[in-house]
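Engineer: First, the structure itself, so that you have it in front of you.
The values are calculated or read from the model by the stated rules, or taken from the named source; none is laboratory data. Since the structure is predicted, the reported quantities are computational estimates derived from the model, not experimental observations. Cβ placement follows ideal geometry from the backbone for every residue including glycine, while neighbour counts extend to all protein chains displayed.
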Amino acid sequence: MIARLILLLTGLAMATASPAQRVTSLPLTAPWLGLPQVPVTLNDTVEARFIVDTAASDTILTEAVIDQLGLAGRGEPAEISGATGISAIEFYRLTSLRLGAREYRRLGAYSLPSLAAPVESDGLIGANILRRHVVEFDIPGQKLRLFDPRARFELTGGNWAVIPFHERADGLLIVPVSIGRVTMPALLDTGAVQNIVNHEAARRIGLHLFADSDSREPVFGASGHVQDMNQIEVSRFSIGNLAFGSSRVGITDLAVFETLGIGDGPAMLLSAEAFADRRFVIDYPRNRLLIER
């Protein structure tokens, strides 16, 4: 049997220090394409930097890191469903992966497809780790914080918009996004460079496509496949009930929309670019997204 992996690569003051509120804080940088990266230690020997990718269902390793660790592929073959298509990958077993004070033992991981465009990081942190925590992305403050799953973020104060999400069995998150009068399911993808909607969403919103080359460019998925994409700008969009200003939006029918079962209607890929100027929290245990107003 072939396993299926989903992967898409487009300071908090606590009231008390109870066990449920313990936190691991990591430096968060975005040195490549604005994608959030954190330091990791693999098998107690290799220091690396991984993109934090909410749309990767599992941990991903580049070939360079696999070679550095001397890992051999094991188990059955697998496939990766990237934003633009499907590719074959290998399965590996890490002895350990450490994020700050948090350590994960005997962790399964997959290779990045050989067809994929060059990635300026050593791998991806995916949902197999993230969903164990309440995760705060503080992009302006350059911090990623991993809280105990019992942590109650609403007790910390602050002005937060609370937006329920649907967590799939593979750990991927679907949130409601509106552009104009059209509300659609959106995949939350911190490993994507920009927001993308499908052609059905563009049609219903009334967005007009242009054939000239200035408004078109290729989009690369983690599987290595390439698609052509129109580029436009929208003046306003909303995540749940929280309004945002203008944003560039790509228009193309990503293969992942069909994989997720949302391709028949309007659908969107929501990137980390939308949160570049604010903090947001993914409360996996309670299926909700908290965004700083």
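For every residue, the table says whether it meets (1) closer than 23 Å to Asp170 by Cβ; (2) in a loop (DSSP other than H, G, I, E, B); (3) not assigned by the TED database to the domain that holds Val177.
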| position | (1), (2), (3) |
| --- | --- |
| Gln231 | no, no, no |
| Ser238 | no, no, no |
| Ala243 | no, no, no |
| Arg248 | no, no, no |
| Asp253 | yes, yes, no |
| Pro266 | yes, yes, no |
| Leu269 | yes, no, no |
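Engineer: Identify, please: which residue in the range 86-113 is more than 30 Å from Arg22 (Cα to Cα), over 17 Å from the mean Cα position of the chain (by Cα) and in a loop (DSSP other than H, G, I, E, B) and is, among those, modelled with the lowest pLDDT?
Structural biologist: Of everything passing the filter in the range 86-113, Pro113 is modelled with the lowest pLDDT.
Engineer: Go through the range 109-129 and count every residue that is small (Gly, Ala, Ser) and touching a strand residue (DSSP E or B) at 6+ places or on another chain (Cβ under 6 Å).
Structural biologist: First pass over the range 109-129, keeping only residues small (Gly, Ala, Ser): 109, 111, 114, 116-117, 121, 123, 126-127.
Filter once more, so that each one left must be touching a strand residue (DSSP E or B) at 6+ places or on another chain (Cβ under 6 Å): 109, 111, 117, 121, 123, 126.
Final tally of qualifying residues: 6.
Engineer: So which residues in the range 141-173 are under 15 Å from the mean Cα position of the chain (by Cα), buried (at least 19 other Cβ atoms within 10 Å of the Cβ) and not small (Gly, Ala, Ser), if there are any at all?
Structural biologist: Leu144, Phe165, Asp170, Leu172, Leu173
Engineer: Okay, next question. Hey, among the residues in the range 271-282 that are at pLDDT below 95, outside any loop (DSSP other than H, G, I, E, B) and among the aliphatic types (A, V, I, L, M), which one's nearest to the chain's Cα centre (by Cα)?
Structural biologist: Ala272
Engineer: Does Val135 fit the bill of being crowded, with 16+ Cβ neighbours inside 10 Å, of a type in the set (Val, Ile, Thr) and in the same structural domain as Thr259 (by the TED database)? It would help to see each step written out before you state the result.
Structural biologist: On the way: crowded, with 16+ Cβ neighbours inside 10 Å: yes; of a type in the set (Val, Ile, Thr): yes; in the same structural domain as Thr259 (by the TED database): no.
No.
Engineer: Okay, next question. Restricting to the range 237-275, give me the number of residues that are farther than 17 Å from Ala161 by Cβ, among the aliphatic types (A, V, I, L, M) and surrounded by fewer than 16 Cβ atoms within 10 Å (Cβ to Cβ).
Structural biologist: The qualifying residues number 0.
Engineer: List, please: which pairs have Cβ atoms under 7 Å, are six or more places apart or on different chains, and start with a residue in the range 43-64 that is over 27 Å from Phe280 (Cβ atoms) and end with one that is in a helix (DSSP H, G or I)?
Structural biologist: Listed by first residue and then by second, the contacts come to Asn43/Leu69; Val46/Val65; Val46/Gln68; Val46/Leu69.
Engineer: Now for a separate question. Identify the single condition in (1) over 20 Å from Phe280 (Cβ atoms); (2) at pLDDT 95 or above that Arg132 does not satisfy, given that it satisfies every other one.
Structural biologist: That leaves (1) as the condition not met.
Engineer: Restricting to the range 30-69, name every residue that is over 14 Å from the mean Cα position of the chain (by Cα) and among the charged types (D, E, K, R).
Structural biologist: Asp44, Glu47, Arg49, Glu63, Asp67
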